Every structure is written in C-alpha cells, then in structure tokens.
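Everything below concerns the one structure shown next.
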Amino acid sequence: MLRKLYDWIMDLAGHKHAQWILVVVAFAESAFFPIPPDTMLIPMTLAERKKAWWYAFICTIASVLGGIAGYFIGYMLFDSIGQAIIDFYGLQHGFEKLKNWYNEYGLLIVFIAGFTPIPYKVFTISSGLTHLSLPLFIIGSIVSRGLRFLIVCGLIYWFGPVIKDFIERYLGWLTLLASVVLVGGFVAVKYIGQ
C-alpha cells in the first residue's frame, strides 16, 4: 500500500498544480501522512531547477504549518487522534522514550527531528503532548525543516539529476550525522568554556 501511495505522489510531481499538491503533502506529512514531501520536491526541482529555492521555501512553510497542526494534535487531541497516529506507525515504545527526553532537550530534539529519517509527525505530536513552548517549537521547525529542504533543492540545483539517487538513499542519515556533529560542537563549547 505504501509503495502505491509513494508512486502516486511521485506522479503528482508532474501535475499542472504540483506546487499546491507539494504544499498539501508537506503540510500533511508533518502531522499524519506517511510519505515525505521529498518524493515530490526532488522530481519537481529536477524538472525546473531555477525554481529550486521557491520549492524549498513553500515546502518549508507548509511543513512548519503542518507541524503546528501536529503540535495541536498532541496538545489537545492526543487521546482521540494522536495515539492512533503513533499506533499506526508502530512507534509506541520509541514514543515513550521521546516524551521523557523532551523534559531536558525539547528544542534540540525538534531541531534534529527536522533532519532525521524518523517520521517528523512523531516529534510534532510529542512537542504538543509535552507542552514544549510553541514559539520554540516553531523556531526549531523553521530552521531544521528549512535547512533540510534547502539542502535537497541546493544539491539538485548545483548537481542536477546525478545527485538524485544519492539524496533519496542517504539524505536522512547524512543530515542526522551533521546534526549530531553540530550538537556535539555546542556541547563541547559549553563544557570547554567552563
């Protein structure tokens, strides 16, 4: 079923209203939808590389707005909707650990989550459920999701079709590694400075 959905989303990248469909997919993916917006973003950017930055921008805005919807699912509707989403993805065990980490590392978790291959909706719902500061959540989402989509579109803009397979295969893990290095740098500076 997911493969058919993935293929359908890929086909929509060539639709005359692809930009609006990208907005809907990016929004929905941050709250509940299983297919990431990259499935449309990559072929759309390959088709019109001069629009790479515009596509990254609209994808970021829609993703952050969808993240806010996910936040409110966790904040106000967890028992009726949020738990069903977590159960659908089979992430109950990891979700419990994640809730505990939010008490200490909330903003950092949101920032890293925007890059990881772990479904972003888990983090948006967790942010609401744990009552993470909404302004901090929004800032973390804008920065992380914006960087993620700028990296995807930038790589395609500069390298074209050659980079497509590389992005699809390794982007999540490479951005996670970059996030770990970045966070490690901040931690090191904090402790070296003491």
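Does the stretch 120-138 hold any residues that are closer than 16 Å to Pro36 by Cα, crowded, with 22+ Cβ neighbours inside 10 Å and either touching a Pro at 6+ places or on another chain (Cβ under 8 Å) or not charged (D, E, K, R) (or both), and which are they?
Residues satisfying the conditions are Tyr120, Phe123, Thr124.
Does Leu65 satisfy the condition of being within 16 Å of the chain's Cα centre (by Cα) and not acidic (Asp, Glu)?
In short, yes.
Could you list all residues from the stretch 40-94 that are closer than 16 Å to Gln19 by Cβ, among the aromatic types (Phe, Trp, Tyr) and out of contact with any Ser or Thr (no Cβ under 8 Å at 6 or more places or on another chain)?
Hits for the stretch 40-94 are Trp53, Trp54, Phe57.
Quick check on this structure: which one of Leu177, Leu91, Leu150 is at pLDDT below 75, in contact with a helix residue (DSSP H, G or I) (Cβ under 8 Å, 6 or more places away or on another chain) and of a type in the set (A, V, I, L, M, F, W, C)?
On the way: Leu177 fails: in contact with a helix residue (DSSP H, G or I) (Cβ under 8 Å, 6 or more places away or on another chain); Leu150 fails: at pLDDT below 75.
Just a single option satisfies the conditions, and that option is Leu91.
Given the structure, is Gly154 surrounded by 18 or more Cβ atoms within 10 Å (Cβ to Cβ) and in contact (Cβ under 8 Å) with a residue 40 or more places away in the chain?
For Gly154, the condition - surrounded by 18 or more Cβ atoms within 10 Å (Cβ to Cβ) and in contact (Cβ under 8 Å) with a residue 40 or more places away in the chain - is not met.
Between a residue in the stretch 59-85 that is more than 21 Å from Glu96 (Cβ to Cβ) and any residue that is outside any helix (DSSP H, G or I) and not aromatic (Phe, Trp, Tyr), which pairs come within a Cβ distance under 6 Å, given they are 6 or more apart or on different chains?
From residues that are more than 21 Å from Glu96 (Cβ to Cβ), the pairs are Cys59/Pro37.
Can you confirm whether Leu77 is among the aliphatic types (A, V, I, L, M) and either in contact with a helix residue (DSSP H, G or I) (Cβ under 7 Å, 6 or more places away or on another chain) or closer than 20 Å to Leu136 by Cα (or both)?
No; evaluated as a whole, the condition is false for this residue.
Would it be correct to say that Gly90 is under 27 Å from Arg169 (Cβ atoms), of a type in the set (Gly, Ala, Ser) and not in a helix (DSSP H, G or I)?
Judged against the criteria, Gly90 is a match.
Quickly run through the stretch 97-119 and pick out the residues that are surrounded by 15 or more Cβ atoms within 10 Å (Cβ to Cβ), not in a helix (DSSP H, G or I) and not hydrophobic (A, V, I, L, M, F, W, C).
Passing the criteria: Gly114, Thr116, Pro119.
Against the condition at pLDDT 85 or above, in a helix (DSSP H, G or I) and under 16 Å from the mean Cα position of the chain (by Cα), how does Ala28 come out, does it pass?
yes
When both residues are 6+ apart or on different chains and their Cβ atoms are under 9 Å apart, which pairs have a first residue that lies in the stretch 127-142 and is at negative phi, and a second that is at pLDDT below 90 and basic (Lys, Arg)?
What qualifies is Leu129/Lys99; Thr130/Lys99.
The values are calculated or read from the model by the stated rules, or taken from the named source; none is laboratory data. Not measured: the values here are computed from a predicted model. Positions of Cβ are generated from backbone atoms using ideal geometry, with glycine treated the same way; all protein chains shown enter the neighbour counts.
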